[in-house]
1. For SER268, state whether it is farther than 18 Å from ILE53 by Cα, without any contact (Cβ under 8 Å) to a residue 40 or more places away in the chain, out of contact with any Pro (no Cβ under 7 Å at 6 or more places or on another chain) and hydroxyl-bearing (Ser, Thr, Tyr).
2. Here are the criteria: (1) of a type in the set (A, V, I, L, M, F, W, C); (2) out of contact with any helix residue (DSSP H, G or I) (no Cβ under 7 Å at 6 or more places or on another chain); (3) at pLDDT 90 or above; (4) over 30 Å from ASN226 (Cβ atoms). Tell me which single one PHE71 does not satisfy.
3. Condition first: farther than 26 Å from LYS172 by Cα and β-branched (Val, Ile, Thr). Now tell me which residues in region 122-136 satisfy that.
4. Name the residues in region 71-110 that are among the small types (Gly, Ala, Ser) and buried (at least 17 other Cβ atoms within 10 Å of the Cβ), would you?
5. Would you please name the residue that is modelled with the lowest pLDDT, looking only at residues in region 215-248 that are under 12 Å from the mean Cα position of the chain (by Cα) and at positive phi?
6. Does any residue of region 147-155 turn out to be hydrophobic (A, V, I, L, M, F, W, C), closer than 27 Å to GLN179 by Cβ and surrounded by 13 or more Cβ atoms within 10 Å (Cβ to Cβ)?
7. Restricting to region 31-65, and then to whatever is assigned to a helix (DSSP H, G or I) and farther than 22 Å from VAL123 by Cβ, can you tell me which residue is modelled with the lowest pLDDT?
8. I need a count of the residues in region 111-141 that are crowded, with 17+ Cβ neighbours inside 10 Å and either in a strand (DSSP E or B) or without any contact (Cβ under 8 Å) to a residue 40 or more places away in the chain (or both).
Amino acid sequence: MKPGKIVLNLIIMYFLLSGCAVQRTKGYHDDFANGRYDSKFPSTSISESLDMISESVKKLDCLAFYATYAFNPEDRIQRNMISDEIISKHSISKTISNESVSGTATIVYHSNNLVGLITCAHVIEFPDSLFTWSTKYPDALATVSVIVKQQTYVTGLPDGGPVEIVAMDKVKDIALLSQKLTSTTSQVQVLHYPIGNTSLFEWGSVVYIVGYPIGNLMVTKALVSNPKKNSKGYFLTDALYNHGISGSPVFAIKDRVPNMEWVGMASSTASTDLVIVKPATEQDNLQNGIQPYNGDVYLEKVKLINYGVTYSIPIEEIVIFIRRNRAAIEKVGFDFDTYFQ
C-alpha cells in the first residue's frame, strides 16, 4: 500500500474512533442529568441513606377481638334478622377469638409529644362482623362474629398512649395514625426526604422498598413496570412482596446519589384464591406421609401470593389524602403547615 493511502486510512480511522468516543460521552452525560429517575443501580453506596430511612420505618401490629355466637340451624336465623335481641335470645354458645395483621408504618411527623405515621388502610381495617352459614339450611346462619375490641401497636416507639386512627381512605388504601408519647423529649426519627414525582418513572426505573415483610426489617430493590399506572392509579414493580410489607415507603434516586426521593408506598400484590380441606381439629399426632383421616373436615379459603408483582400507591395520592383530611389532622393537634415539609 502506498504511504499516502496509509496516512489517509489512519486519518479516517481516527475520526471514526473520535466520533464514537464523543457519542458515548454525550450519552453518558445525558443519562447523568436527565431529570428522571435512575434506571441503573448506583455505583456509590446508599447504605447511609437507607440506615436513616430504616429509623423512621416501624413494624405495625393490629389485633382484633371477636365474640362469636352460634345458632341452632333449626331456628333459621338469617343475616337480615341479626340484632342484639336476636343474638341474646337465640345464640346457643359464645366464644372469643382474635385476628391479627402485621404491616409497616412510616413516621412522617413528630412535634412535642405527638407522632404521625402513614400506612395502608387495609392493615388496620377489620370487618365489624363475620358470618358463616349452616350446611343443613344454606339461608340460615351458623354463627355471627362481632368485633368487640381492636388494638394497634407500633414497635420501636417510646412509651405513650394508644395508637389512634386520624384519617382513613379505604379506596385509596391510605391511613394516618397518631400516638401521644409520654415524654416531650423522646427521640423519634422522622422521614425527611423530598416528595417525588411518579410521572418521571420510566420502564426499568429502580426503586427501593424498606419495610417489615414477615416481621423482619428489610430493604429490597425493584424495577418499575407500566409507568403509566393501572386503573387504580398504582404503579407496578417486580418487588418480592410478602406479608407485612404493606405500608412500606418506596424510594427512587433521581440523577444519581444522593438525590433520593419518596415516591410511594407498597400496598398489595397479585394473588390466587385457593380452597383447601382441613381437619376440624388439630391432629398433633399426624406424621409425615399419607394417612387416613375419618374425622370432620371443613373448607378454608386461602390466598396464594404471586411473588414478584407488587402494586404501590403513588406519593401524589398520599399528598392529596393529607390535604383532603386537613380538618381531622389539625383537630388531633398536628401542625398542617409543617406536614410533608
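1. No, not satisfied.
2. (2)
3. Correct list: THR132, THR135.
4. Scanning region 71-110 gives SER91, SER102, GLY103, ALA105.
5. The qualifying residue modelled with the lowest pLDDT is GLY244.
6. yes
7. ASP31
8. Residues that pass the stated criteria total 7.
The values are calculated or read from the model by the stated rules, or taken from the named source; none is laboratory data. None of these values were measured; they are calculated from a predicted model. No Cβ is skipped: glycine too gets one built from the backbone with ideal geometry, and neighbour counts run over all protein chains shown.
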